[in-house]
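Down below is the structure, laid out as structure tokens.
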Amino acid sequence: MAIVFDLETQDAFQDVGGHFPERLRMSVAVTYDTAKRLYTRYTEADAAALTQDLSKADLVVCYSVLGFDYPVLQKYAQAIDLAQLPTLDMMVEVQKRLGFRLKLDMLATATLQTGKSADGLQAVQWWREGRIDELFDYCRQDVEVTYRLYEFGKQNRFLQYFDRQYKLKRVPVAW
């Protein structure tokens, strides 16, 4: 069974002195269990349970999990090295093919004709304002988009993006 995963943080990089994801604190996370077709919501208080759930997956699917989500979450993991979990970081796979990074929104817009509803800074603002339902909705939408991109790539062996001249391009994927 695969688990598709995303988390949001309480802090922005500017709050922790730069690009140090391990210094950020989790606000919420959402997973999608592909076998059970079940979404699960987690708060910071549930972070240890989240790490346990991820450790039981045959595959964890995420976008930028190795460079962001796992470093944020690692401090909550009890004796689990998250980087050792069977993981598909779609951003890393696309970057290997292209030689540069693409944002999740760029792939989603070109491949699925749908974009993200907000961004990480908006998510931090919602956290600070106590707008937890909106935060969970945003995080779930990111998980849905990630899952749809994963499935599209699995079935079609490519994803799409727009280059700097706004020409639609394909990037081959093998997952």
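The values are calculated or read from the model by the stated rules, or taken from the named source; none is laboratory data. Since this is a predicted model, take the numbers as computed values, not measurements. Every residue, glycine as well, gets a Cβ built from its backbone with ideal geometry; the counts of neighbours run over all protein chains shown. For the accessible areas, the whole protein counts, side chains as well, though only heavy atoms, and no ligand, DNA or RNA atoms are used. Shrake-Rupley method; radii C 1.70, N 1.55, O 1.52, S 1.80 Å.
Starting from segment 154-175, take each residue that is more than 23 Å from V60 (Cβ to Cβ) and list its partners that are in a loop (DSSP other than H, G, I, E, B), counting only C-beta distances under 6 angstrom and pairs at least six apart or across chains.
Sorted first by the residue in segment 154-175, then by its partner, the pairs are Y161/L102; K169/D163.
One line per residue, one yes/no per condition, for (1) more than 16 Å from the chain's Cα centre (by Cα); (2) surrounded by fewer than 21 Cβ atoms within 10 Å (Cβ to Cβ); (3) closer than 18 Å to L135 by Cα:
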residue: D6; (1), (2), (3): no, no, yes
residue: P21; (1), (2), (3): no, yes, no
residue: S27; (1), (2), (3): no, no, yes
residue: T43; (1), (2), (3): no, yes, yes
residue: S64; (1), (2), (3): no, yes, no
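Please go through segment 45-62 and pick out each residue that is within 25 Å of K103 (Cβ to Cβ) and surrounded by fewer than 17 Cβ atoms within 10 Å (Cβ to Cβ).
L59
May I ask you to verify whether R140 is touching a strand residue (DSSP E or B) at 6+ places or on another chain (Cβ under 6 Å), at pLDDT 95 or above, open to solvent by 10 Å² or more (accessible area, probe 1.4 Å) and on the phi < 0 side of the Ramachandran plot?
Working: touching a strand residue (DSSP E or B) at 6+ places or on another chain (Cβ under 6 Å): yes; at pLDDT 95 or above: yes; open to solvent by 10 Å² or more (accessible area, probe 1.4 Å): yes; on the phi < 0 side of the Ramachandran plot: yes.
Judged against the criteria, R140 is a match.
Can you go through Y150, Y70 and tell me which one is crowded, with 17+ Cβ neighbours inside 10 Å, part of a helix (DSSP H, G or I), touching a residue at least 60 places away in the same chain (Cβ under 8 Å) and of a type in the set (F, W, Y)?
Numbers: Y70 fails: touching a residue at least 60 places away in the same chain (Cβ under 8 Å).
Criteria check complete, one pass: Y150.
Hey, among the residues in segment 136-171 that are of a type in the set (S, T, N, Q) and within 18 Å of V28 (Cα to Cα), which one's nearest to the chain's Cα centre (by Cα)?
Start the filter on segment 136-171 by keeping residues that are of a type in the set (S, T, N, Q), which leaves 141, 146, 155-156, 160, 165.
Imposing the further condition that a residue be within 18 Å of V28 (Cα to Cα) reduces the set to 141, 146.
Working: Q141: 10, T146: 7 Å.
Result: T146.
Which members of segment 2-50 meet the condition of being assigned to a strand (DSSP E or B) and over 21 Å from L104 (Cβ atoms)?
Kept after step one, since they are assigned to a strand (DSSP E or B), are these residues of segment 2-50: 2-9, 26-33, 38-43.
Across segment 2-50, the qualifying residues are L38, T43.
Given the residues D53, D133, which is the only one that is in contact (Cβ under 8 Å) with a residue 12 or more places away in the chain and either under 16 Å from the mean Cα position of the chain (by Cα) or outside any loop (DSSP other than H, G, I, E, B) (or both)?
Details: D133 fails: in contact (Cβ under 8 Å) with a residue 12 or more places away in the chain.
Just one listed residue meets the conditions, D53.
Of all residues in segment 73-104 being assigned to a helix (DSSP H, G or I) and of a type in the set (V, I, T), which is surrounded by the most Cβ atoms within 10 Å (Cβ to Cβ)? Give the steps one after another, and end with the answer.
Residues of segment 73-104 that are assigned to a helix (DSSP H, G or I), as a first pass: 73-74, 82-84, 90-98, 104.
Subsequent filtering for residues that are of a type in the set (V, I, T) retains 92, 94.
Working: V92: 16, V94: 23.
In this case the residue turns out to be V94.
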